[in-house]
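The values are calculated or read from the model by the stated rules, or taken from the named source; none is laboratory data. Predicted model only: the values in this text are computed from it and were never measured. Cβ sites come from the backbone with ideal geometry, for glycine too, and all protein chains shown count toward neighbours. All accessible areas refer to the heavy atoms of the entire protein, side chains included, with ligands and DNA or RNA removed. Shrake-Rupley method; radii C 1.70, N 1.55, O 1.52, S 1.80 Å.
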Amino acid sequence: MTFTLPAPVDAPPGDHVAPPAGPGPHTPDPIAFAGRAAARLRHTDATLYDLLNREAARQNNTLMMVAASSVADPSVLACGGSTLGNLTAEGYPGARYHAGCGVADEIERLAIERARTAFGARDAIVQPHSGSSANLAVLTALLSPGDTLLGLDLDCGGHLTHGSPASVSGRYYNAKGYRLTSEGLLDYDQIRELALAHRPKLIVCGASAYPRSIDFARFREIADEANAYLLADISHIAGLVAAGLHPSPVDHAHITTTSTYKQLYGPRGGLILLGRDARRAGPERGTLAATMRRAVFPFTQGTPDLASVAAKARALHYVAGPEFAELARRLADGAQAIAGRLVQRGMRLVTGGTDTHMVLIDLRGTGLTGDIAEEALESCGIIVNRNRVPGDMTPVRTTSGLRLGSNTLAARGMDRTAAAVCADLVADVLDALRAGAGVLPEAARVAARARVVELCARHPLPGYLS
Ligand code: DSN
């Protein structure tokens, strides 16, 4: 099957047929049916219902401190479970390959407009199923198999899609990696040297485990000098960027990507954003923005998940509003408080602290490994993830570090003081684990669990219980 180039998103609307009727007496409420659906599920599939219930309880009764996670407002999840999930619609607004997409077109245009507003972007593509899908679309659009890309090594905090041999990004392309200084910081001189030596077609900046600010302007200087495209993956810091608490890459990078479920408190999904380079010529035909649209559909994805697009629209509306600025401030303050308290408690942190939501504990020299520490914390209801730290020689499933984040704590309304209490809890468990030579004494586990339950009760997940 061949496809014609989808029309640009900003093409004049009108090439779709309006839906025959608006809401009427036989129109199901797009969201309220969820309550009836829950009852239906309970009666027809009690096994699954119970599992979903257990997961809801687990989330409310544990301290989620995984830096890559957050908690979406229930209205975001409801959009994701709306009737839009029934719609099949390839293509873009005004240029679909199926009938019946008039309302979906309006919703996708709304999501695009909200993404542009939230990030000050000239263009946005809201269909990627995830941050990884967004990155792979960019890679496949800009590189041919065998072309060179330069990204942060996975064991220095890079992402699988930035050139890891475990992913398409490192298997199909000639991936070169840059590393960190001995203090765990990006080394822009080294990145420049590697860029000039290897002449990559694409440089990727952004990270999954890097707690400090990234100088996107410096990356663009290097990319321009090496005649490379620059991709900024801001999946971890998108909320801080939107709130102005971290410099934005949108007008520095040729293309910016992000997942939507971390700091945007949205559904699982991804975005592609374009700034000042949106209208420049792409590598083949049309603008860079048009190239990216084709890269998502039809090159790497088929039908979009339009319910997820609606959920992104909902989350992005919140991101652009005043409450989000407070939330972002709280999550940045919370991470500072966690880092400060952990240092006071004698823990070594990668880079000594944080500029973001993320804190990386270096467990080397403590006698503990990341996997043992992660498991002990989970047994107390504190959810973190084991993570390699720069220079880590342990296997990926063992690791010498822990990665913590403040996104969900902030959403639960926790201020600096409450975040420091969470850090104390982590430190108490790790101290007890060390004292027990890698086995957490039961009394310590019970005491920590009780404090977690009490904290969670005081700071319930927002909007889920009432
Ligand atoms: N990129 C993975 C992480 O940072 O944990 C999942 O989002």
>> As an exercise: evaluate Glu183 against (1) away from the ligand (no atom under 16 Å from the Cβ); (2) out of contact with any strand residue (DSSP E or B) (no Cβ under 9 Å at 6 or more places or on another chain); (3) modelled with pLDDT of 95 or more and give the number of the one condition it does not meet.
In response: (3)
> Hey, any hits in the range 381-403 for a residue that's within 16 Å of the ligand (Cβ to nearest atom) and in a helix (DSSP H, G or I)?
Replying inline: no
> Name the residues in the range 12-49 that are at pLDDT 95 or above and of a type in the set (Asp, Glu), would you?
Replying inline: Asp45
> With (1) touching a strand residue (DSSP E or B) at 6+ places or on another chain (Cβ under 6 Å); (2) open to solvent by 10 Å² or more (accessible area, probe 1.4 Å); (3) within 16 Å of the ligand (Cβ to nearest atom) as the list, and Val168 as the residue in question, which single condition is left unmet?
Replying inline: (1)
> Here are some residues: Asp277, Asp251. Which one is open to solvent by 20 Å² or more (accessible area, probe 1.4 Å), charged (D, E, K, R) and not in a helix (DSSP H, G or I)?
Replying inline: Asp251
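Let's see how each residue does on (1) aromatic (Phe, Trp, Tyr); (2) buried (at least 20 other Cβ atoms within 10 Å of the Cβ); (3) over 22 Å from Asp251 (Cα atoms); (4) away from the ligand (no atom under 16 Å from the Cβ):
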{"residue": "Asn60", "(1), (2), (3), (4)": "no, no, yes, yes"}
{"residue": "Gly85", "(1), (2), (3), (4)": "no, no, yes, yes"}
{"residue": "Ala89", "(1), (2), (3), (4)": "no, yes, yes, yes"}
{"residue": "Tyr92", "(1), (2), (3), (4)": "yes, yes, yes, yes"}
{"residue": "Tyr97", "(1), (2), (3), (4)": "yes, no, yes, yes"}
{"residue": "Glu106", "(1), (2), (3), (4)": "no, no, yes, yes"}
{"residue": "Gln127", "(1), (2), (3), (4)": "no, yes, no, yes"}
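Matching residues to (1) open to solvent by 20 Å² or more (accessible area, probe 1.4 Å); (2) free of Cβ contacts under 8 Å to residues at least 12 places away in the same chain:
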| residue | (1), (2) |
| --- | --- |
| Lys176 | yes, no |
| Thr181 | yes, yes |
| Pro211 | no, no |
| Ile214 | no, no |
| Arg218 | yes, no |
> Quick one: what pairs do we get from the range 395-415, first residue farther than 17 Å from Met358 by Cβ, second surrounded by fewer than 24 Cβ atoms within 10 Å (Cβ to Cβ) and among the β-branched types (Val, Ile, Thr), C-beta under 9 Å, 6+ apart or different chains?
Replying inline: Thr398/Thr369; Thr398/Ile372; Arg412/Val71
> Which members of the range 429-466 meet the condition of being open to solvent by less than 70 Å² (accessible area, probe 1.4 Å), closer than 18 Å to Gly401 by Cα and either part of a helix (DSSP H, G or I) or in contact with a Phe, Trp or Tyr (Cβ under 8 Å, 6 or more places away or on another chain) (or both)?
Replying inline: Val429, Leu430, Asp431, Ala432, Leu433
> Quick one: what pairs do we get from the range 49-71, first residue of a type in the set (Val, Ile, Thr), second away from the ligand (no atom under 16 Å from the Cβ), C-beta under 6 Å, 6+ apart or different chains?
Replying inline: Thr62/Gly381; Val71/Ala411; Val71/Leu461
>> Step by step: first the residues of the range 386-411, then only those that are surrounded by fewer than 21 Cβ atoms within 10 Å (Cβ to Cβ) and at pLDDT 95 or above, then the one that is nearest to the chain's Cα centre (by Cα). Which residue is that?
In response: Arg397
>> Take the conditions within 16 Å of the ligand (Cβ to nearest atom), farther than 25 Å from Ala313 by Cβ and part of a loop (DSSP other than H, G, I, E, B) and apply them to Val71. Does it pass?
In response: no
> Just to be sure, is Thr117 among the polar types (S, T, N, Q) and more than 16 Å from the ligand (Cβ to nearest atom)?
Replying inline: yes
> Could you list, in sequence order, the residues of the range 227-248 that are within 16 Å of the ligand (Cβ to nearest atom), in a loop (DSSP other than H, G, I, E, B), touching a residue at least 40 places away in the same chain (Cβ under 8 Å) and touching a helix residue (DSSP H, G or I) at 6+ places or on another chain (Cβ under 8 Å)?
Replying inline: Ser235
> Is the range 416-428 home to any residue that is part of a loop (DSSP other than H, G, I, E, B) and without any contact (Cβ under 8 Å) to a residue 40 or more places away in the chain?
Replying inline: no
> What number of residues within the range 108-121 are outside any helix (DSSP H, G or I) and surrounded by fewer than 18 Cβ atoms within 10 Å (Cβ to Cβ)?
Replying inline: 1
>> It is to be established whether one or more residues within the range 350-362 are assigned to a helix (DSSP H, G or I), open to solvent by 30 Å² or more (accessible area, probe 1.4 Å) and small (Gly, Ala, Ser).
In response: yes
> Can you name the residue in the range 258-307 that is aromatic (Phe, Trp, Tyr) and over 18 Å from the mean Cα position of the chain (by Cα) and is also farthest from Thr83 (Cα to Cα) among such residues?
Replying inline: Phe299
> Here are Thr351, Thr356: which of them is on the phi > 0 side of the Ramachandran plot and of a type in the set (Ser, Thr, Tyr)?
Replying inline: Thr351
> Among the residues of the range 297-349 satisfying the criterion of being part of a helix (DSSP H, G or I) and of a type in the set (Val, Ile, Thr), which is farthest from Leu77 (Cα to Cα)?
Replying inline: Val343
